[in-house]
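The values are calculated or read from the model by the stated rules, or taken from the named source; none is laboratory data. As the structure is a computational prediction, the values presented were derived from the model and not from experiment. Glycine gets a Cβ as well: all are built from the backbone with ideal geometry, and neighbour counts include every protein chain shown.
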Amino acid sequence: MSPSLIAHSLGKSFGSGALRTDVLRDLSIGFEAGELSLVSGPSGCGKSTLLAILSGLLRPDGGRVIALGEDLARLAPVELERFRLRHTGFVFQGFNLFPALTAVEQVALPLGYLGLSNEVALKRARVALEEVGLASRMQLKPAELSGGEKQRVAIARALAKEPQLLFADEPTSALDAANGQIVIDTLHRIARTHGATVLCVSHDPRLATHADRVLAMEDGKILSDLRSPADPTKDMSR
Amino acid sequence: MVPLARKTLVHEWRRFLPSALAVAFSGLLLLVQAALVFGIFNSSAVYIRKSAADLWLGYPGTQSIELGRPIPREAEIGALMDPDVTRVEPFHWIDGDWRGPVDRGGVSVFVSGIDTRADGLMFADVLSPDLRAKLDEPDGVIVDRADLSKLGLGIGGQAVINGHRVRVVGVGNGLRALGGVNIVTSLATARRLDNGDSNGEVAYYVAKVRDGADPDAVARRMSSGANAPRFEVWTKPAFAHRAVMYWMFETGAGLGVLFLAIVVFIVGAVITSQTLMGAVAGSIREYATLHALGIGFDALRRVVLTQAAWVGAFGLVVGGLVTAAVVFAAQRRDIPVQLDPATIAICAGLVMAIALLSGLAAVRTLRHADPALLLR
């Protein structure tokens, strides 16, 4: 199976002159569909930058990203937006939900921009919320939801678009153990049942046991790349 | 489509209130300023507008009513000879020095000598037939209610104009004009007050044309007569416009006001954009998330501009209501204020422009935000 998301010798640095720091150094890696991959490492190791570049939010200084067979560097900003709209979902640590909208509206909002009618968007939003276990909370606004529920709304928002690529940046950092568990299980299930490529960036050690693949990162490089022992069906020597 | 802009406005109205108030105050300032400007400058044409005359005959090139010079009697004869003119009336206009009660000193006044008949043209709209009849009393004068305190006396009070004793026989409303106190009297009294300076000539003749006749055509015809170079003929709107334009653009006051309007616009735009940017910045992480999900800046800009338009509309309504209250209060105190639909439309357009420009400025904060930094 060929990787759905490939990075070729990525380089990225911030700052200028003597204060310039390399965040990513000649980093190459591939991710496969149907897997939940976890990138872990200390803060400042470059894992969030890697995620931003792989998802097309940030352009690398050097190297290329091939996502779903598309070279992201060749896409104009508007084309990149359209690519993200069609193919990618995001989940962030801070949930980033609109305070004014109910759960079902949060999820339906991006679908409207995909050109779906109100009716279809709301229907798909309900299905996505049911999938993350929030069938009874659809009409509530963020202020009436717990942290874990808010993160599940955010996941449903990403999921409802039926993305082939799902990116999660520290999705469990703001959650307690039980809610963190629910969230990572949900992400894992999405990878399995939807065949999506799920890339999760976190320094939360609890997540490692739930991932299909764990990558350790430090100083802009991948130090180790391990398949989960809990998943013997996967072949390590790819 | 989920109505994000409207739902956010309703849910987080406290965040948008400062912007709406900034818009409201910008609107209030623009409108009240316009009302004052037009009120003040239009009062320079108050004599023309509040009279029933269709045509004005005056000294060639006269810019504003108080700059009148005596014109020859041939003007009156020329007007009377025109087949479409039904009535001609002299209007005497002289400068005066008013001496009222001892402790007041002198006051510069303009004296209007008018035909006192009940159906007279001059001041037909402001002086009732009763009041006009009172002017037939020798040395009787009428002053504006708002000028009474300045002149220091009431009805029945006596004063001296240009060395002649006069008596206040009545009080009018809406006689106040730009540039001085206006005193209305009969033609006979006015002639006594000018000490023979004008040799029996008056500054203006006013004329009424037959119903259905075109005043412009009559004015053109009279202007081409043999005596035309010695006087000029204007229609009522043309002469009024001339007076307002003179005060607005030839005196420097109007340009000052225009400059002030520009300052108000800029200050309003800066304050509104700052507050609106604050309100938009409050949702910046959510917008950045939408952008990450592939929703383009154009769509996000539409959301913010929709909000800006609602903020502008709300501010406009509030500003409009407060302006209406201010204008009403000003009118009750005889402060000259005037607003016409065109002015209101222009001010409303400017206020909406302030709101939308501020919205565009607020979108810039969105554009320059780094998604990778925002999205944590």
Pairing a residue in region B:180-196 that is aliphatic (A, V, I, L, M) with any residue that is assigned to a helix (DSSP H, G or I), where Cβ atoms lie under 6 Å and the two sit 6 or more apart in sequence or on different chains, gives B:Val181/B:Asp147
Is one or more of the residues making up region A:213-226 touching a Lys or Arg at 6+ places or on another chain (Cβ under 8 Å), without any contact (Cβ under 8 Å) to a residue 24 or more places away in the chain and either farther than 20 Å from A:Leu51 by Cβ or aliphatic (A, V, I, L, M) (or both)?
yes
Would you pick out the residues in region A:9-55 that are in a strand (DSSP E or B) and of a type in the set (S, T, N, Q)?
A:Ser9, A:Ser13, A:Thr21, A:Ser28, A:Ser37, A:Ser40
Could you pull out every one of the helices (runs of 4 or more DSSP H) wholly within region B:1-59 that has 2 or more residues that are more than 28 Å from B:Arg230 (Cα to Cα) and within 14 Å of chain A (Cβ to nearest Cβ)?
B:4-11, B:13-42
Determine which single condition A:Gln164 fails, assuming it passes every other condition in (1) among the polar types (S, T, N, Q); (2) without any contact (Cβ under 8 Å) to a residue 24 or more places away in the chain; (3) touching a His at 6+ places or on another chain (Cβ under 6 Å).
(2)
Give just the number: which of (1) in a helix (DSSP H, G or I); (2) buried (at least 16 other Cβ atoms within 10 Å of the Cβ) does B:Ile335 not satisfy?
(1)
Among the residues of region B:246-255, is any surrounded by 19 or more Cβ atoms within 10 Å (Cβ to Cβ), of a type outside the set (Phe, Trp, Tyr) and either free of Cβ contacts under 8 Å to residues at least 40 places away in the same chain or part of a helix (DSSP H, G or I) (or both)?
yes
Residue check, B:Val257 within 14 Å of chain A (Cβ to nearest Cβ) and modelled with pLDDT under 85:
no
Search region A:90-99 for residues being touching a helix residue (DSSP H, G or I) at 6+ places or on another chain (Cβ under 7 Å), under 18 Å from A:Leu51 (Cβ atoms) and facing chain B (nearest Cβ under 7 Å), and hand back the single one that is surrounded by the most Cβ atoms within 10 Å (Cβ to Cβ).
A:Phe90
The correct count of residues that are within 22 Å of B:Glu12 (Cα to Cα) and surrounded by fewer than 19 Cβ atoms within 10 Å (Cβ to Cβ) in region A:146-163 is 2
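Matching residues to (1) more than 14 Å from every other protein chain (Cβ to nearest Cβ); (2) surrounded by fewer than 19 Cβ atoms within 10 Å (Cβ to Cβ):
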{"position": "B:His291", "(1), (2)": "no, no"}
{"position": "B:Gly294", "(1), (2)": "no, no"}
{"position": "B:Ala309", "(1), (2)": "yes, yes"}
{"position": "B:Ala313", "(1), (2)": "yes, yes"}
{"position": "B:Thr323", "(1), (2)": "yes, no"}
{"position": "B:Thr343", "(1), (2)": "yes, yes"}
{"position": "B:Cys347", "(1), (2)": "yes, no"}
Mind telling me which of the residues A:Glu81, A:Glu105 ends up being in a helix (DSSP H, G or I), under 20 Å from the mean Cα position of the chain (by Cα), within 7 Å of chain B (Cβ to nearest Cβ) and of a type in the set (Asp, Glu)?
A:Glu81
Scan the helices (runs of 4 or more DSSP H) fully inside region B:109-217 and keep the ones with 2 or more residues being over 31 Å from the mean Cα position of the chain (by Cα) and farther than 18 Å from B:Lys236 by Cα.
B:187-193
